[in-house]
Amino acid sequence: MSRLIVVSNRIPGKAPAAGGLAVALKKTLSARDGFWFGWSGAFAETPSRDAKFETIDGLQIGSIDLTKSDHQSYYAGFSNSILWPAFHLRLDLTDIHSHWYEGYRRVNVQFAEAIAKHIQPDDIIWVHDYHLIPLATELRRRNIRNKIGFYLHIPFPTPDALNAIPHHEELLTDLLAYDLVGFQAQRDVAAFNEFIAHEEMYRQAGGTPFEIEMGNTVLEAFPIGSDPDAFAKLAASPNAQKMYKRVERSMNGRAMILGVDRLDYSKGLPQRVQAYEKLLENNANLRRAVHMIQIAPPSRDTIKEYQVISDELDTAVGRLTGRFAEPDWLPITYVKRAYSQASLAGLYRLARVGLVTPLRDGMNLVAHEYVASQNPENPGVLVLSRFAGAAEIFHDALIINPFDTDETAEAMRLAISMPLEERKERWESLMKVAQTYNIDNWADSFLAALTGDASSGTGDDDPDGDPDEEGALLPRAGALSRSATMSLQHRTPRLSLLPWLRSVFSGT
């Protein structure tokens with residue numbers, strides 16, 4: 001079996017992996033040999049061009065240091081002050097400086113130079129996220145002809161937002177240096193096709209469009225998931241139950257509404273608090289019967305836009321508290337720190353309502369974790385933004401428009417008052433979906449598509465998409481591999497089905 005090389009902005013730490021993605025990739029790496037490569041987290045005035053390797057938790061980890069100025073341009077600058085807001089359709093928050101792109105390319109060149117000398121002819125290379133879009137181009141320039149896949153963990157932008165990104169033509173060309181580009185949702189594949197169609201219309205109107213040559217690149221949607229069965233066990237563990245019981249006592253019989261998010265302007269947190277305020281405003285009988293907990297640990301707090309959203313959320317929480325608090329009841333608890341997965345699992349299990357209401361999100365794994373943590377005999381209700389990738393698969397959540405705070409408030413009311421039998425029916429459906437789209441299946445399906453290792457086609461031999469003896473088929477957006485120029489490419493992506501390979505790499 002060929003080796004696997006995973007490349008991401010950061011390498012896994014020496015502590016045991018907590019996140020589902022890190023766990024899944026470590027499991028996949030251990031089955032296929034290879035190594036994980038990324039930035040070490042350290043700075044140097046003159047970084048070595050050679051990767052340094054160490055063994056962490058039984059895996060080979062390669063890394064390089066960066067200069068502070070290059071890291072500033074590559075990470076805080078181009079990646080998180082231009083690409084992140086533009087991909088999340090917040091063009092008003094983009095902060096464009098031309099030298100940031102130069103630093104972004106330099107770091108990708110540095111990654112390529114350090115990795116290239118360690119790549120063997122049969123290695124499979126899997127690159128992760130928007131920080132490293134140019135990496136395949138730089139590897140191809142160094143005569144690397146291996147299979148290289150790319151996975152975008154955030155949404156792909158609409159044509160207007162894409163056009164607002166400096167050097168977007170080069171970035172699109174960079175994406176087409178990969179053999180496989182994976183997206184979170186079908187809407188992201190459609191957005192890529194929409195850009196192609198937009199350029200074709202521009203041509204027909206007499207303009208000079210940006211020419212895209214697809215070559216053999218395949219674009220597909222691979223919805224990422226969590227490990228729902230592990231989360232279900234965790235929610236019943238002693239550590240989770242300790243948090244559950246402690247908070248349950250403080251709730252004193254009240255229904256708990258829970259939000260868990262990184263503090264980011266894409267998460268719609270001020271709008272969420274406004275919706276809760278409307279819930280209390282319109283339903284006086286709920287004012288002492290509910291309590292909202294919002295956990296939002298800060299991130300990227302050196303970037304001014306994150307300081308602004310923190311201030312906005314402080315203001316919204318303060319206004320809500322001042323308006324509705326009583327001497328013996330507070331409507332909301334706002335916590336600005338992170339908790340362990342066990343503690344979160346206990347909170348998820350206790351929450352009658354799970355609020356996952358981003359303004360735009362790639363997938364949002366909190367939705368998966370919330371569903372997996374529920375008590376099957378008394379499950380809570382997921383209120384989910386239609387602008388999260390999870391909305392494409394979690395049809396039995398209460399789907400809302402997070403910009404419409406009245407609609408969100410009404411969904412909270414419905415969730416709180418929903419009869420037990422309906423809650424059970426919705427949860428059972430959601431849990432089946434979470435189990436189908438689990439993190440191991442996601443990794444296996446992506447690598448099967450990249451290596452051409454899928455033993456059963458894409459559903460053409462089984463047009464009804466019925467499960468076979470290997471388990472349920474997994475819906476994905478259709479492959480979009482075309483060697484024609486742009487004029488042949490503006491068609492709607494079709495739905496294809498990939499027979500599930502449960503243990504392609506794990507051997508179990």
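The values are calculated or read from the model by the stated rules, or taken from the named source; none is laboratory data. Since we're looking at a predicted model, the values are computed, not measured. Cβ atoms come from the backbone with ideal geometry, glycine included; neighbour counts cover every protein chain shown. All accessible areas refer to the heavy atoms of the entire protein, side chains included, with ligands and DNA or RNA removed. Shrake-Rupley method; radii C 1.70, N 1.55, O 1.52, S 1.80 Å.
Give the residues of segment 325-340 that are over 35 Å from the mean Cα position of the chain (by Cα) and either more than 18 Å from Met256 (Cβ to Cβ) or open to solvent by less than 70 Å² (accessible area, probe 1.4 Å) (or both), sorted by residue number.
Ala325, Pro327, Trp329
Of all residues in segment 106-134, how many are under 19 Å from Phe87 (Cα atoms) and not acidic (Asp, Glu)?
Of the residues in that region, 7 qualify.
Residue by residue through segment 406-439, note down the ones that are in contact with a Lys or Arg (Cβ under 7 Å, 6 or more places away or on another chain) and over 20 Å from Ile293 (Cβ atoms).
Asp406, the sole residue that qualifies.
Consider only pairs whose beta carbons are under 8 Å apart and that are at least six residues apart or on different chains; among these, list those whose first residue lies in segment 41-60 and is farther than 24 Å from Leu4 by Cβ and whose second residue is open to solvent by 90 Å² or more (accessible area, probe 1.4 Å).
Phe43/Lys68
Restricting to segment 169-194, what's the tally of residues that are assigned to a loop (DSSP other than H, G, I, E, B), open to solvent by 20 Å² or more (accessible area, probe 1.4 Å) and not aliphatic (A, V, I, L, M)?
Of the residues in that region, 1 qualify.
Out of segment 415-457, which residues are open to solvent by 50 Å² or more (accessible area, probe 1.4 Å), small (Gly, Ala, Ser) and part of a helix (DSSP H, G or I)?
Ser417, the sole residue that qualifies.
Quick test of your reading of the structure: Ser340 fulfils all but one of (1) under 18 Å from Tyr276 (Cβ atoms); (2) modelled with pLDDT under 95. Name the failing condition by number.
The number of the failed condition is (1).
Would you mind telling me which numbered condition in (1) open to solvent by less than 30 Å² (accessible area, probe 1.4 Å); (2) out of contact with any Leu (no Cβ under 7 Å at 6 or more places or on another chain) Glu113 fails?
Status for Glu113: all satisfied but (1).
Failed condition for Ile96, given (1) assigned to a loop (DSSP other than H, G, I, E, B); (2) in contact with a Lys or Arg (Cβ under 9 Å, 6 or more places away or on another chain); (3) open to solvent by 20 Å² or more (accessible area, probe 1.4 Å), with all others met?
The single condition Ile96 does not satisfy is (2).
Give Phe387, Phe394 a once-over and let me know the one that is farther than 26 Å from Leu83 by Cβ and either open to solvent by less than 30 Å² (accessible area, probe 1.4 Å) or at pLDDT 95 or above (or both).
Phe394
With respect to Pro166, determine if the residue is open to solvent by 10 Å² or more (accessible area, probe 1.4 Å) and either at pLDDT below 95 or part of a helix (DSSP H, G or I) (or both).
No, not satisfied.
Can you tell me which residue among Asp123, Asp129 is surrounded by 20 or more Cβ atoms within 10 Å (Cβ to Cβ), of a type in the set (Asp, Glu) and touching a Ser or Thr at 6+ places or on another chain (Cβ under 7 Å)?
Going through Asp123, Asp129 in turn, just one is surrounded by 20 or more Cβ atoms within 10 Å (Cβ to Cβ), of a type in the set (Asp, Glu) and touching a Ser or Thr at 6+ places or on another chain (Cβ under 7 Å): Asp123.
Name the single residue, out of those in segment 1-18 being in contact with a strand residue (DSSP E or B) (Cβ under 6 Å, 6 or more places away or on another chain), in a loop (DSSP other than H, G, I, E, B) and closer than 15 Å to Ala31 by Cβ, that is modelled with the lowest pLDDT.
Top of the filtered list is Ser2.
Can you give me the number of residues within segment 401-414 that are part of a helix (DSSP H, G or I), farther than 10 Å from Leu279 by Cβ and not charged (D, E, K, R)?
Here the count works out to 1.
Counting just the residues of segment 195-226 that are in contact (Cβ under 8 Å) with a residue 40 or more places away in the chain, surrounded by fewer than 18 Cβ atoms within 10 Å (Cβ to Cβ) and not polar (S, T, N, Q), which one comes out farthest from Ala390 (Cα to Cα)?
Filtering segment 195-226 for residues that are in contact (Cβ under 8 Å) with a residue 40 or more places away in the chain, surrounded by fewer than 18 Cβ atoms within 10 Å (Cβ to Cβ) and not polar (S, T, N, Q), the one farthest from Ala390 (Cα to Cα) comes out as Arg203.
If you take the residues in segment 132-163 that are in contact with a Leu (Cβ under 6 Å, 6 or more places away or on another chain) and more than 14 Å from Gln110 (Cα to Cα), which one is surrounded by the fewest Cβ atoms within 10 Å (Cβ to Cβ)?
Lys147
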